[in-house]
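Reading through the C-alpha cells given below for one structure.
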Amino acid sequence: MTILHYVGTTLIDGSGTANKLTMWSDADTVTNSIITQNSGGDAVNIAGGLTVMDNLSVMGTFTCLDTSV
C-alpha cells in the first residue's frame, strides 16, 4: 500500500506491507520495520537483533537458540 497524506503542509509518503509494523525512515516517509505481527495478532517476529535495556518477562515457553554472549 502506498501512502500519500498531508499533515499541515507536509506530504507524508511511503509504503507498507500487511502485518508489518510501520516506522519512519525520515521526517516525512513511512516504511516497513523489521517487526512482523501475525494476522491473529498474538505473535511477532523480529527479522534482526533484539536488545533489551531493562527487565524481560516471558510468559509461556522460552527457548534460547544461541547461548553466545
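The values are calculated or read from the model by the stated rules, or taken from the named source; none is laboratory data. These numbers were taken from a predicted model, which means no experiment stands behind them. Quick reminder, even Gly has a Cβ in these numbers, built from the backbone with ideal geometry, and neighbours come from all protein chains shown. Accessible surface is based on the protein model in full, side chains and every heavy atom, while ligands, DNA and RNA are left aside. Shrake-Rupley method; radii C 1.70, N 1.55, O 1.52, S 1.80 Å.
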Q: Using a 1.4 angstrom probe, figure out how much accessible area the chain has per residue, in square angstrom, rounded to the nearest whole.
A: 87
Q: Just reorder Ser57, Ser15 by solvent-accessible area, largest first, 1.4 Å probe, all chains present.
A: Ser57, Ser15
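Report the local net charge at Thr31: Lys and Arg +1, Asp and Glu -1, summed over other residues whose C-beta lies under 11 Å from its C-beta. List each step's numbers first, then the result.
Numbers: positive: Lys20; negative: Asp13, Asp26.
Overall, the nearby charge balance is -1.
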(Q) Quick check: with the 1.4 Å probe, what order do Ile34, Ile46 take by accessible area, largest first? (A) Ile34, Ile46
Q) Say a paramagnetic label sat at a point 7 Å from the Cα of Thr9, along Cα to Cβ; which residues of region 16-34 have their backbone N under 13 Å from it? A) none
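Report the Rg/Rh value for the chain, based on alpha-carbon coordinates and the Kirkwood definition of Rh.
Ratio value, two decimals: 1.10.
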Q: Determine the sum of side-chain charges near Gly14: Lys and Arg each +1, Asp and Glu each -1, restricted to other residues whose C-beta is under 13 angstrom from that of Gly14.
A: -2
Q: Sort Val58, Val30 from largest to smallest accessible area, using a 1.4 Å probe on the heavy atoms of the protein chains.
A: Val58, Val30
Q) Under a point spin-label approximation (7 Å from Cα along Cα-to-Cβ), what is the Trp24-Ile46 distance to one decimal in nm? A) 2.2
